[in-house]
Amino acid sequence: MYVGPVRIFYTMCTFGRLPVFTTTPTVAAVRDQLLLNAASCDVDILAYCFMPDHLHYLAEGLTEAADLRNFTRGFRQRSGYQYRQQHRSRLWQEGYFDRHLREEDATYDVVSYIVANPIRAGLSRSLAEYPHVGATRYGLEELTDYVRWKPLG
């Protein structure tokens with residue numbers, strides 16, 4: 001269920017729900033681990049959003065051998081280790097939420113939900129104002145279109 005061309009929506013909370021994703025250097029370090037690990041595991045990140053105390057992302061296996069469980073485990077270990085070295089504290093809460101998208105689930109809806117999160121939370125008025133969203137497949141303009149054409153609610 002985690003291997004092959006599957007799409008999985010993840011939510012991961014910071015340890016103690018502390019707002020650690022509020023500075024660009026911290027977000028950049030964890031984001032870089034996410035994207036590097038994805039590339040090395042044949043995984044595409046269709047959208048990601050770092051909120052102050054959690055991370056949302058939608059991952060898709062690009063090959064029959066892509067293992068999203070191993071990808072996620074490696075990402076959490078590497079980013080957690082790097083964060084601990086720099087900040088002397090834990091990054092991730094135990095466990096995380098994941099949801100497998102079925103064929104009838106619209107990738108459009110999940111991408112829109114992820115990238116519109118800072119707007120719904122009142123952290124920005126537009127996607128262009130919020131620096132901690134992105135994707136490996138889509139550019140900022142395409143992600144903005146997802147939000148523009150999808151009602152927020």
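The values are calculated or read from the model by the stated rules, or taken from the named source; none is laboratory data. Bear in mind the structure is a predicted one, so any value in this text is a computation, not a measurement. All Cβ positions, even for glycine, are placed from backbone atoms using ideal geometry, and neighbour counts span all protein chains on display.
Listed by first and then second residue, the pairs linking a residue in the stretch 114-140 that is under 20 Å from Pro19 (Cβ atoms) and touching a residue at least 12 places away in the same chain (Cβ under 8 Å) to a residue that is polar (S, T, N, Q) and in a loop (DSSP other than H, G, I, E, B), with Cβ atoms under 6 Å apart and 6 or more places separating them unless they lie on different chains, are Pro118/Ser124; Tyr130/Ser124.
Which of the residues spanning the stretch 39-48 are in a helix (DSSP H, G or I) and aliphatic (A, V, I, L, M)? Step through it out loud before you land on a result.
Applying the first criterion (in a helix (DSSP H, G or I)) to the stretch 39-48 yields 39-40.
Scanning the stretch 39-48 gives a single hit, Ala39.
When only residues in the stretch 18-44 that are of a type in the set (Val, Ile, Thr) and touching a Pro at 6+ places or on another chain (Cβ under 8 Å) count, which is surrounded by the most Cβ atoms within 10 Å (Cβ to Cβ)? Ranking the candidates gives Val20 first.
To keep it simple, each residue is scored yes or no on (1) more than 19 Å from Leu123 (Cα to Cα); (2) at pLDDT 95 or above.
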position: Tyr10; (1), (2): yes, yes
position: Pro19; (1), (2): no, yes
position: Thr26; (1), (2): no, yes
position: Asp32; (1), (2): yes, yes
position: Asp42; (1), (2): yes, yes
position: Leu46; (1), (2): yes, no
position: Pro52; (1), (2): no, yes
position: Tyr57; (1), (2): no, yes
position: Leu68; (1), (2): yes, yes
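Per the listing Phe15, Phe9, the residue uniquely surrounded by 15 or more Cβ atoms within 10 Å (Cβ to Cβ), touching a Lys or Arg at 6+ places or on another chain (Cβ under 6 Å) and under 15 Å from His100 (Cα atoms) is Phe9. Checking each residue in the stretch 102-122 for being at pLDDT 90 or above, part of a loop (DSSP other than H, G, I, E, B) and either farther than 19 Å from Thr14 by Cα or in contact with a helix residue (DSSP H, G or I) (Cβ under 8 Å, 6 or more places away or on another chain) (or both) picks out only Gly122.
Every listed requirement among (1) assigned to a loop (DSSP other than H, G, I, E, B); (2) under 22 Å from Ala106 (Cα atoms); (3) of a type outside the set (D, E, K, R) is met by Val20 save one, (2).
Residues are listed down the side, and each one gets a yes or a no for (1) part of a helix (DSSP H, G or I); (2) without any contact (Cβ under 8 Å) to a residue 24 or more places away in the chain; (3) under 11 Å from the mean Cα position of the chain (by Cα):
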{"position": "Ile8", "(1), (2), (3)": "no, no, yes"}
{"position": "Gly16", "(1), (2), (3)": "yes, no, no"}
{"position": "Thr26", "(1), (2), (3)": "yes, no, no"}
{"position": "Arg31", "(1), (2), (3)": "yes, no, yes"}
{"position": "Leu34", "(1), (2), (3)": "yes, no, yes"}
{"position": "Asn37", "(1), (2), (3)": "yes, no, no"}
{"position": "Phe50", "(1), (2), (3)": "no, no, yes"}
{"position": "Ala59", "(1), (2), (3)": "no, no, yes"}
{"position": "Thr63", "(1), (2), (3)": "no, no, no"}
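Scanning the stretch 83-92 for residues that are in a helix (DSSP H, G or I) and of a type in the set (Lys, Arg) turns up just one, Arg84. Taken together, Gly80, Gly95 contain a single residue that is without any contact (Cβ under 8 Å) to a residue 60 or more places away in the chain and either assigned to a helix (DSSP H, G or I) or surrounded by 15 or more Cβ atoms within 10 Å (Cβ to Cβ) (or both), which is Gly80.
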